[in-house]
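Before any comments, here is the structure.
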Amino acid sequence: MSLRSGFATFAGKSSYWFLHTFLHGGSSLPGKITLKLDPNILRTLGAKYDVIVITGTNGKTLTTALTVSVLNQKYPAILTNPTGSNMEQGIVTTFLNAKNAKTGRPLAVLEVDEANVIKVTQYIEPKAFVFTNIFRDQMDRYGEIYTTYQKILDGVALAPNATIIANGDSPIFHSKELPNPIEYYGFDDQPDQDLRAKPNTDGILCPVCEHILHYHSLTYSNQGKYFCPNCGFERPELTYRLTKLGEQTPTSSEFEIDGHAFKIGVGGTYNIYNALAAYAVGRFMGVAPTQIARAFNGNQQVFGRQEVIDVDGKQVTIILVKNPVGLDQVLHMIGTDKEKFSLVGLLNANYADGIDTSWIWDGDFEQLTQRDIPAVITGGERYKDITFRLKVAGIPDDKHIVEPDLEKVVDEIKQVPTKRIYVLATYTAMLQMRKILATKGYIKEGLGV
C-alpha cells in the first residue's frame with residue numbers, strides 16, 4: 001500500500017467510525033472522502049478479494065442478499081454492501097468497513113449500479129458478473145435499455161475472463177457476442193405456446209433482424225422463452241432452470257429449480273428471478289442445492305424491500321418502486337393478498353430516484369380499483385404527481401388522503417381501518433420514511449447516506 005493509499009484509507013475509516021459512532025451511519029461520505037484523496041483506491045482495497053458483481057435494473061439488492069446467504073453456507077465472512085449503496089463511493093465504503101480475513105482469499109459480493117460497473121472493473125477483475133434484467137429506468141441517467149446495457153458491457157470488457165451469470169429469459173443479454181464464459185438461468189415451467197408481449201413492452205425486437213419476438217412462454221414484461229419466427233434467433237440453452245412454480249402470496253413463494261424444491265419469504269415472481277440468480281451463483285461456486293434451500297429458508301427481509309415494520313399494531317410493508325415494470329409487478333403481488341389492506345404511495349424525484357416522474361403513467365394503477373381498498377394515502381416531495389395519477393386511475397376522493405409531510409403520513413397510517421398497509425416508495429422517499437420510523441422508535445436505526 002502506497003503512502004497516499006494508506007492516508008486515504010485511514011481518513012475514510014476514521015470518517016466511517018465518526019459517522020457510525022455519533023451520527024447513526026453513513027454509507028457514502030467515507031467513500032467520497034477516500035476517493036478524493038486517492039481516486040485509484042479500489043485497486044488497493046480490492047486487490048486481495050474474489051469479487052462477484054451483481055448488476056441490472058431491478059432486483060440487485062435482494063439478489064445480493066440471497067446470494068450472500070447462499071454463499072455463506074460454504075464461505076464465511078463475505079464482504080457485501082447490504083444497504084444498496086451501489087455507486088463507486090458506496091463500494092469504497094464497503095471495503096473500508098471490511099474485517100481482515102483469518103484464512104484464505106476473501107470473497108466480496110457487491111451490488112453495483114449499472115453505470116458504475118466500469119468504475120469497479122478499472123481496478124478489480126471480478127470472478128463473475130450477475131445480470132438480473134434491463135428495464136427502462138431513470139431515463140435522465142441511463143437512457144434507453146440498450147444504452148444501459150452498453151454501460152454494463154463497457155465495464156465487462158475490462159474483465160474478459162470473468163464468468164457472466166445472466167438472466168436467459170431477457171433477450172438483451174443474448175444480443176451481443178462476448179468473449180466471457182456465460183451461464184444462463186431462466187424459467188422453464190410451461191408447455192410451449194406461441195405468444196407475444198404487450199404492444200408497449202420495451203426490448204421485444206429481435207437483435208438480429210428487428211422482427212418482433214414471439215414467446216413459447218412469458219413470465220412478465222419482455223422476459224420468457226423468446227424466439228424470432230423470421231430468422232431463428234432464440235433463447236439460449238439454460239444452465240439453471242426453474243422447473244415448477246408453486247404457491248405465491250405477498251409474503252412467500254414456492255418453486256422448484258432443476259427439480260429441487262425451494263421457498264423464500266418474499267412474494268412476487270420478480271423475486272423468484274432473484275432467488276434463481278442466487279441459486280445460479282451458488283451452484284457456480286460449488287454450493288449444494290440442500291445448502292441453498294437452507295439459506296433460502298432464512299429471514300430474507302431486506303432494507304426497504306418488502307420490509308415489514310410494526311407501527312402501533314399496524315403491519316406496514318415498505319416496498320421500493322422505481323420504474324413501470326417493477327411497479328406493475330409489485331401491484332400484482334400485493335393484489336394476491338387475501339386480506340384487506342390500505343395503500344401509501346410516496347413519490348420523490350431526486351437524482352437517486354430519477355428526476356423524471358412520467359414513468360408513473362406507464363404503471364397499471366387502474367388495477368387497484370378492482371380491490372376494495374379502504375384508504376389510500378399519497379405523499380412525498382412530488383405528492384401532486386402521484387395524487388393526480390391515482391385520481392385518474394379511479395381512486396375515489398372519499399378514500400384518498402393527501403399528505404405531503406411524511407411525519408404526518410406515519411400518523412395517518414395509524415388511523416387507517418386495516419391492519420395491513422403497503423407503502424410503495426421511491427428510493428429517497430423510502431430513506432426518509434425509514435428515518436422517521438427510526439426516530440419514532442419503530443425500527444432500530446435509519447440509514448445515513
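Of the DSSP beta bridges with both residues in the chain, give the percent that are antiparallel, rounding to the nearest 5. Walk me through the numbers on the way to the answer.
Working: 25 of 66 bridges.
So the antiparallel bridges amount to about 40 percent of the total.
DSSP loop (so not H, G, I, E, B), at most 11 other Cβ within 10 Å: list which trypsin sites (Lys or Arg not before Pro) in the stretch 307-350 pass both filters.
On the way: sites: K314, K322, K338, K340; in loops: K322, K338, K340.
Here the sparse-neighbourhood loop sites are K338.
Work out the charge dipole of the stretch 83-190 with +1 on the Cβ of Lys and Arg and -1 on the Cβ of Asp and Glu about the Cα centre, then indicate which of T121, Q150, L107 is farthest towards its positive end.
With unit charges placed on the Cβ atoms, the residue in question is L107.
What lysines does K99 reach when the alpha-carbon gap must be under 16 Å and sequence neighbours fewer than 8 apart in one chain are set aside?
K99 reaches K13, K48.
List the lysines whose alpha-carbon lies under 19 Å from that of K176, not counting same-chain residues fewer than 8 positions away?
Those lysines meeting the cut-off are K151, K225.
Heavy atoms of the protein only, probe of 1.4 Å, neighbouring chains included. What is the accessible area of F7 in Å², nearest 10?
Spelled out: F7, probe radius 1.4 Å, area about 120 Å².
Run the reach check for K435 against lysines, Cα to Cα strictly under 16 Å, same-chain hits fewer than 8 apart removed. What comes back?
Answer for K435, where 16 Å is the Cα cut-off: K408, K444, listed by chain and number.
Could you give the accessible area per residue of the chain, probe 1.4 Å, as a whole number in Å²?
Values: 19180 Å² over 449 residues.
Per-residue accessible area for the chain comes out at 43 Å².
Hey, what number do you get for the chain at 222 nm if only DSSP H runs of n ≥ 4 count, each worth -39500 (n - 2.57), divided across all residues, to the nearest 500?
Details: 14 runs with 145 residues, N = 449.
Theoretical 222 nm ellipticity from helices: -9500 deg cm²/dmol.
So, by mean Cβ neighbours within 10 angstrom, what's the order for 270-278, 160-168 with the highest one leading? Could you put the intermediate results ahead of the total?
Numbers: 270-278: 27.1, 160-168: 20.7.
So the order, starting with the most tightly packed, is 270-278, 160-168.
If I compute semi-axes √(5λ) of the Cα gyration tensor in Å from the structure I just sent, which labelled value in (1) 93, 29, 18; (2) 39, 27, 19; (3) 32, 30, 21 lines up?
Evaluating semi-axes √(5λ) of the Cα gyration tensor in Å on these atoms matches (3).
The values are calculated or read from the model by the stated rules, or taken from the named source; none is laboratory data. Note that this is a predicted model, so its numbers are computed, not measured. Cβ atoms come from the backbone with ideal geometry, glycine included; neighbour counts cover every protein chain shown. Just the protein is used for accessible areas: all its heavy atoms, side chains included, with ligands, DNA and RNA removed. Shrake-Rupley method; radii C 1.70, N 1.55, O 1.52, S 1.80 Å.
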